[in-house]
Every structure is written in structure tokens, then in C-alpha cells.
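Just so you know, all these numbers are worked out from the coordinates, no wet-lab data involved. Keep in mind the model is a prediction, meaning the values are calculated, not measured. Please note: Cβ atoms are built from the backbone with ideal geometry, for glycine as well, and neighbour counts cover all protein chains shown.
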Amino acid sequence: MNMNNRNVWIGVAVVAGLLLVFFVGRTFFAKDTLPPAREQEQAEEGTRQEQLTLHQVCRYADSVGIDTTRFATITTDSKAVISDKLSRLLVEIRYGKKPSRVAYSGLKETIDSTWGKQAASAFSPVQLQQTATFGPYNQLVGHYNRLRNRANASPAVADTLRLIRQTLNFYRYTNRFEADKFVLVNIPAGELNVFDRDGKRLLPMQVIAGKADKRTPCMTTYIKGIVAYPYWNVPRGIALEEMLPRMKRDLSYIYNQNLQILDEKDKEVDPEEIDWENLSATNFPYRVRQASGCENSLGLIKFELENPLAIYLHDTNSRDLFTLTTDRWRSHGCVRVQKPVELANLVLGKQTFDAGFMDRCLIDQKPKTLAIPKPVPVFIAYNTADVDASGKLRIYRDVYALD
């Protein structure tokens with residue numbers, strides 16, 4: 001082959017290679033680059049799918065008492081806006097909103113903020129149902145949907161639905177706190193229940209909460225310790241408003257109530273040596289404490305709660321109130337419990353107090369603090385609509401006129 005022929009063949013090969021590269025490249029880019037109209041069509045389809053998913057989730061949210069008007073979309077909403085609403089709604093379905101009446105929040109919230117996006121990307125109705133494992137919640141949802149069909153029948157039904165929605169949100173809110181069991185005090189019901197995570201009632205009992213003018217505040221907190229044979233450190237308001245006038249009239253009141261007068265150094269002062277005539281609500285340099293024992297207003301067991309409001313659970317020296325009257329709202333704000341021994345043993349995780357502890361009532365006992373294995377969450381709530389142990393819907397008296 002001469003030099004000229006060789007050059008010709010080389011030229012042909014180069015041209016063929018360039019043509020091959022051109023056609024292969026055109027085919028590749030044709031697959032990767034869609035016409036603008038096609039891209040727009042795919043984007044619109046993605047937005048429609050997101051709207052459809054949000055619509056499905058809204059239907060479920062409506063069925064569990066969530067106001068979905070806040071998650072409504074408009075035609076100009078982008079897919080990103082719709083996705084954000086969907087994610088926020090899913091998080092509310094699982095974790096609820098903070099109840100407006102909580103006066104103190106002492107529990108650390110644990111919210112998986114990414115869960116909403118993950119659930120949205122792989123949405124299924126079953127997934128939502130799996131977030132609701134708490135028995136009383138599901139029972140209440142059943143009553144809510146039963147009554148929804150009658151909402152227009154009377155204002156009373158509509159009002160009942162509103163009360164149920166508040167309680168449903170409260171139960172969702174408890175999902176923010178991780179614990180294998182928790183204590184729930186429901187003020188309008190005059191009840192305390194210890195629930196496990198499935199909603200089983202481990203220890204139901206009656207309680208006595210604050211009277212209407214001495215309301216027990218709603219809070220999230222935890223039991224941090226148990227005190228056997230506690231002192232009652234009388235709140236200053238009670239000492240000045242209720243006790244001081246009686247002590248000034250008759251010193252025997254101090255002895256009959258087993259009260260101790262302490263100075264600013266917490267040293268006990270002999271009542272006979274105090275100049276009571278010159279004392280008043282604005283001039284009282286002492287604090288009042290009730291000695292431990294059977295006559296102590298806190299009874300023999302006190303459950304210390306973490307909070308700055310001086311609220312705690314405790315036994316009482318008037319246990320007959322649980323049987324002689326149905327008035328469950330007569331304290332100064334703290335919560336008297338019907339079964340202090342059983343509650344203490346459950347919190348301690350062992351049989352620390354025997355059945356006869358409440359009857360022996362030893363004298364001259366000093367307070368003894370018992371450490372608990374781990375803090376037990378406590379919710380003090382105001383739920384006027386709830387279910388009882390049999391699953392029956394109950395509407396309780398609005399004792400504080402809050403609803």
C-alpha cells in the first residue's frame with residue numbers, strides 16, 4: 001500500500017469515528033435532556049401526587065380530631081410547599097401540639113423531626129395507624145367518629161366533639177416523652193392512672209385535687225423521690241392567711257396541729273416566747289412546719305415532683321374523704337392519692353412498703369427520702385372528655401370552669 005492510499009484510509013477511519021461519536025452522543029443527550037414541555041408535565045405530575053398524598057393524610061387527620069384547615073393548599077402552591085405541609089401534618093398526627101393549659105413543662109421532649117418527611121416519602125394509611133398504639137386514644141377516636149355524624153343534630157354534640165379533640169391532642173402529645181410507664185392525673189375526673197405505653201391501666205385510683213379557688217395547675221413533670229414520714233412545710237400564703245389568725249387567738253392550735261415555728265435559720269422557736277401581738281401578715285419572720293406522723297396533712301408518704309410551684313402527690317390524714325364524699329376538689333393545690341403504698345411500690349419497682357405501713361404510724365419519726373430507680377413521668381391534665389376503664393365515653397364536670 002502506497003503512502004497516498006494509507007492516508008486515505010486513515011481519513012476514512014477518522015470520519016467514521018467522528019460520525020459514530022456524534023450519533024451516540026446525540027442519542028445519549030436525547031435521553032437525558034427532555035423537552036421543556038415534558039419537564040413541565042413531569043413536575044406537574046409530581047405536584048399532583050403530593051397533593052393527593054396530603055389529601056389522604058388530611059382525611060385521616062380529620063378522623064382523629066385534627067383541624068386540617070391549616071394544611072389546605074392553593075393552586076399556586078409548589079411541590080416544596082405542599083411537601084412541607086404534609087410533613088408538618090404527619091408530625092402533628094404522631095406528636096400532637098402542646099396543650100395550652102400546661103403551666104410548667106418539666107419533661108424533655110423527644111421528637112423525631114425527620115419522621116414526617118420519611119413517612120411522606122413512603123406513605124401508606126397503615127403507617128399512620130401504627131403510630132396510634134395507646135388503647136384509650138383509639139377508643140376515644142371511635143367515639144369521636146361515632147358522634148361526628150350527629151354534629152349538626154345539637155350544639156351539645158358539637159361541644160362534646162370539641163372536648164374530645166382536646167383530649168385526643170393531649171394523648172398524642174404524650175408521645176413526645178419516652179417512658180415505659182407514666183402517671184396521669186386527670187383533674188376533672190378526680191382520678192390518677194398509671195399507664196403503660198399500650199394504655200393498660202396499671203394502678204387506677206381516686207385523687208383529691210385543688211378546689212376551684214386553689215386550682216391544681218396542669219404540668220408535665222416527674223417523680224424524683226419518695227419521702228416516708230414527711231414534714232409539711234406550710235406554704236407561706238396558708239401560714240399567713242389561715243394559720244396566723246388562729247395562732248394569735250389561741251396557742252393551743254399550734255400544739256393540736258403539731259405545728260413547729262422555725263426562725264430564719266430553721267431553728268425551732270418556742271411559741272410561748274414569741275411576741276404574737278406584734279406579728280402580722282406583713283411582719284412574720286418565721287415559717288411554719290407540721291411535724292411528721294399520722295396527723296400530718298401529707299400523711300405518711302409524699303411523692304416529690306420536679307416543679308417550681310410547690311405541687312406534689314401525697315397521702316392524707318383524712319383518708320375517709322375517699323369514701324365519705326364525692327367531692328374530689330378540696331385541697332390547696334397539691335394532689336392527695338388514694339393508694340399511696342401501692343403507688344410508691346410501683347414507682348420504686350419493689351415491695352418497699354407492706355400493707356400494714358399505713359396502720360402502724362410510728363411516732364417520733366424523721367422524714368426518710370427513698371431514691372427511685374429512674375424518674376417516672378407525671379402528667380397533670382384537665383381533660384373533661386375521656387374514656388373510663390371499660391372504654392365508655394365520660395364527660396366530666398368542668399370544675400374549674402375552663403371549658
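Before moving on, here are some points about what is shown:
- Relative contact order of the chain, pairs being alpha-carbon contacts under 8 Å that are 6 or more residues apart, as %: 19 percent
- Potential lengthening between Arg249 and Ala122 on full extension [0.36 nm per residue; Cα-Cα distance subtracted]: 38.3 nm
- Between helix 135-148 and the chain there is an angle of about 80 degrees, using the helix long axis and the longest principal axis of the Cα atoms.
- Geometric extent, Cα atoms of region 162-239 - Rg, Dmax (angstrom): 15.1, 44
- On a per residue basis, the convex hull of the C-alpha atoms belonging to region 139-187 measures out at 80 Å³.
- Set Lys214/Lys374; Lys265/Lys368; Lys214/Lys339; Lys339/Lys368 screened for pairs whose C-alpha atoms are more than 29 Å apart: Lys214/Lys374
- Per-residue ellipticity at 222 nm computed for the chain from its helices equals -11500 deg cm²/dmol, with DSSP H segments shorter than 4 residues left out and the rest contributing -39,500 (n - 2.57).
- Sorted ascending by nearby beta carbons within 10 Å, beginning with the fewest, Trp329, Trp115, Trp276 become Trp276, Trp115, Trp329.
- The modelled label-to-label distance for the pair Thr282/Gln130, using points 7 Å beyond Cα in the direction of Cβ, is 6.7 nm.
- By the count of neighbouring beta-carbon atoms within 10 Å, fewest first, Thr75, Thr369, Thr167, Thr160 end up ordered Thr75, Thr369, Thr160, Thr167.
- Equivalent ellipsoid semi-axes - Cα gyration tensor, region 34-176, angstrom: 31, 19, 13
- Rough spin-label spacing in nm, given labels placed 7 Å along Cα→Cβ, for Leu309 and Asp359: 3.7 nm
- Among (1) -0.22; (2) -0.25; (3) -0.40, the entry derived from the coordinates for log10 I(q)/I(0) by the Debye sum over Cα atoms at q = 0.06 Å⁻¹: (3)
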